[in-house]
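Below is one structure; the comments refer to it alone.
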Amino acid sequence: MAQEFNKKFIGTEARPRLSVFRSNATIYAQAIDDATGKTIVFASSKEIKEEGKPVQKALLCGKLLAQKAKDKKVEKIVFDRNGYQYHGRVKALAEGLREGGLVF
């Protein structure tokens, strides 16, 4: 079993933890099974080829990640925003995940 380091959210294979990282230019998200320490799916706004504002790219990134998760048969997640406030790009990412059909 992977080591636990004072985490608030724990992901399982049935309900992985979706971890968010936000840089100045890009937003990254990955679904992690903490029991095995493996990343199930990953997406970033760098994968989005459309031009637009960062909030729009975060929304599309959420939809892309939701589609990848559906392909891996993941329906439910635990949303871990890593201490970022729930507004702007983080909120847009979450809305894209919900529009894509993920439940959290």
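We did not get these values from a lab; they are worked out from the coordinates using the rules stated. Note that this is a predicted model, so its numbers are computed, not measured. Glycine gets a Cβ as well: all are built from the backbone with ideal geometry, and neighbour counts include every protein chain shown.
Some points to look at:
- Fewest-first ranking of SER19, SER45, using other Cβ atoms within 10 Å as the exposure measure: SER19, SER45
- A cut-off of 5 Å between modelled amide H atoms, ignoring neighbours fewer than 5 places along the same chain, links PHE79 with LEU18.
- The range 26-46-the range 50-97 distance, computed between alpha-carbon centres (Å): 11 Å
- Note, ³J(HN,Hα) from phi for the range 80-95, Karplus 6.51, -1.76, 1.60, rounded to Hz, x at Gly and Pro: 10, 8, 6, x, 6, 5, 7, 7, x, 5, 5, 5, 5, 4, 4, 5
- Karplus-derived 3J(HN,Hα) values for the range 35-49, using 6.51 cos²θ - 1.76 cosθ + 1.60 with θ = phi - 60°, are 5, 9, x, 10, 7, 8, 9, 9, 8, 9, 6, 5, 6, 7, 8 Hz; glycine and proline are entered as x.
- Modelled label reach - THR36, point 7 Å along Cα→Cβ, the range 48-89 residues with backbone N closer than 19 Å: 68-78
- Distance (nanometres) between label positions extended 7 Å along Cα→Cβ at ASP71 and GLU95: 2.6 nm
- Ordering THR39, THR26 by the number of other Cβ atoms within 10 Å of each residue's own Cβ, fewest first, gives THR39, THR26.
- Dividing the mean sequence gap of close Cα pairs (under 8 Å, 6+ apart) by how many residues the range 39-104 holds gives a relative contact order of 42 percent.
- Length gained on full extension, HIS87 to PHE9: 26.1 nm, using 0.36 nm per residue less the C-alpha separation.
- Per-residue [θ]222 nm for the chain (sum of -39500 (n - 2.57) over DSSP H runs n ≥ 4, rounded to 500): -9000 deg cm²/dmol
- Overall, the chain carries a charge dipole of about 160 debye about its Cα centre when +1 sits on the Cβ of Lys and Arg and -1 on the Cβ of Asp and Glu, all other atoms neutral.
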